[in-house]
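> So that we are looking at the same thing, I have put the structure below in structure tokens.
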Amino acid sequence: MTSRLLLAIVVTAAVGLTACGKSEEPAPEQKAPETGAVEEGKTMIEQAAEVAKEGAEKASEMTSAAMEEGTDMAGAAVEKAEKLIQQAKDYIDNNQIDLAEGVMEQLRTFKDSLPDTLQEQIGKLEAMLSSTTSAPAGPGQ
């Protein structure tokens, strides 16, 4: 009976050790691919974040450049309009109606893109030009 008991203990211990060894081995094997997959996923996320960051920086640079160019263009349009307004005033004052009308045509092409103050000046010039062209010519003119 002692030998049977001893045999049962040895078999149970062997089965237990074998079972324990087998159950612990797959766990590290399973974790290794998961860890690799997790690391690969983290790497891909980091790469995507870097690409997104670079894209955002590039978009910001392009937006800034476009805004600067737009500001420069608006400034040039205002400057051109101011010169043309002065020319039209001079032509009207000198009764050079055809020349004033030509300048006014140029101003009308981009009037809507100008600041309100310049649009008002152009409106006043149009009224002056209109009243000049509708007024009858005096003697000697």
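> Out of the residues in the range 79-104 meeting the condition of being of a type in the set (A, V, I, L, M, F, W, C) and in contact (Cβ under 8 Å) with a residue 40 or more places away in the chain, tell me which one is surrounded by the fewest Cβ atoms within 10 Å (Cβ to Cβ). Walk me through it before giving the result.
Applying the first criterion (of a type in the set (A, V, I, L, M, F, W, C)) to the range 79-104 yields 81, 84-85, 88, 92, 97, 99-100, 103-104.
Adding the requirement that they be in contact (Cβ under 8 Å) with a residue 40 or more places away in the chain leaves 81, 85, 88, 92.
On the way: A81: 21, I85: 19, A88: 25, I92: 21.
If we take residues in the range 79-104 being of a type in the set (A, V, I, L, M, F, W, C) and in contact (Cβ under 8 Å) with a residue 40 or more places away in the chain, then I85 is surrounded by the fewest Cβ atoms within 10 Å (Cβ to Cβ).
> For the range 55-78, check the following and say yes or no: at least one residue is touching a Pro at 6+ places or on another chain (Cβ under 8 Å), surrounded by 10 or more Cβ atoms within 10 Å (Cβ to Cβ) and within 30 Å of S113 (Cβ to Cβ). Give the steps one after another, and end with the answer.
First, the residues of the range 55-78 that are touching a Pro at 6+ places or on another chain (Cβ under 8 Å): 78.
From the residues that got through so far, the ones that are surrounded by 10 or more Cβ atoms within 10 Å (Cβ to Cβ) too are 78.
With within 30 Å of S113 (Cβ to Cβ) added as a condition, the list becomes 78.
Yes, the range 55-78 contains a residue that is touching a Pro at 6+ places or on another chain (Cβ under 8 Å), surrounded by 10 or more Cβ atoms within 10 Å (Cβ to Cβ) and within 30 Å of S113 (Cβ to Cβ).
Values in this text are rule-based calculations from the coordinates and carry no lab data. Note that this is a predicted model, so its numbers are computed, not measured. Positions of Cβ are backbone-derived with ideal geometry, glycine not excepted, and every protein chain shown enters the neighbour counts.
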